[in-house]
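In what follows, a structure is listed as structure tokens, so that the remarks can point back to it.
What follows is calculated from the coordinates using simple rules that are stated; it is not laboratory data. Note that this is a predicted model, so its numbers are computed, not measured. Ideal geometry is used to build each Cβ from the backbone, glycine not excepted, and the neighbour counts take in all protein chains shown.
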Amino acid sequence: MGSPGSEPGRHDDESPLTRISLQSFAIGQTEVTRAEWLEFERESGYRASSGCLVWDGDGYVKAAHLGWRYPGFEQSDQHPVTCVSWLDARAYADWLSKKTGHKYRLPLEKEWEYAARAGSQSPFHWAVAAAGMCSYANVADAALLQKQPRWSAEKCKDGYPYTAPAGSFIPNAWGLFDMHGNVMEWVQDCWGPQISADGSGTTPLNCRSRVTRGGGWDLIAPYSRSAYRGKAPEANRGTGTGFRLVREVP
């Protein structure tokens, strides 16, 4: 888990390289979709609040009128749900656990990275460099640049300026889609300035930030690397943030 010092685009919090051990788990092939989120809200009565963070080219600003139903761009029911917080995602997992009788939760950070790598040790599951990115991942690209010319973007074109329907790109070796790109994904752990000895984030009484993983439609390639560790307060909702779930295996 983590990245070597020679990896382009790496950050200090991806250290030290850590050998981890894991118990068996199942993980969603795709990110949770709008259709799945709608079913949750209809059955549970839970409502994710409006007000969503959006990148304006210089920083993130909160748009009070945006939310998962309309994050500022058009989506179908097959697109990943966005503008949901870590707390919202946990509520969804609790509901699904009660509905199915299985234990669902957000992935541990080490589970997420293990699943994203799919046996690889390179920055991306398909290659060392970002070459071919637009065949494997929905990131900030030439399609987005046509809509948002002030933003940083890759030179390739993946065909989607914003989110793409879940499962639109080539999966990794374990059949998992969008582990790189589409939306940044909440994981269970608190963020810390370095990887802990067992690869699991600690849970202090005051957890200021939760880890996010995987990059997204609004981020360039370095932020989609397997080792990249984002962070955000657990109440944050962003137009580029969603989640997938783990099911515990007895």
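Using only side-chain charges placed at the Cβ, +1 for Lys and Arg and -1 for Asp and Glu, the dipole size of region 24-248 relative to its Cα centre rounds to 240 debye. When the alpha carbon coordinates of the chain are projected onto the principal axes, the ranges are 47, 46, 34 Å, largest first. Using the beta-carbon distance between W174 and R47 and R0 = 41 Å, what value does 1/(1 + (r/R0)^6) give for FRET efficiency, to the nearest 0.05? With R0 = 41 Å, the Cβ-Cβ based efficiency is 0.75. If you run the Gaussian network model on the chain, springs between alpha carbon atoms under 10 Å, then out of C134, C52, C207 the most flexible one is C207.
D198 sits among other residues whose Cβ lies under 14 Å from its own Cβ, and their net charge, with Lys and Arg +1 and Asp and Glu -1, is -2. The stretch between H102 and V249, if pulled fully straight at 0.36 nm per residue, gains 52.0 nm over its current Cα-Cα span. Computed from label points 7 Å out along Cα-Cβ, the spacing between R69 and A127 is 4.2 nm. Exposed loop sites here are trypsin sites (Lys or Arg not before Pro) assigned a DSSP state other than H, G, I, E or B and surrounded by at most 12 other beta carbons within 10 Å; excluding them, the longest clear run of the chain is 48-149.
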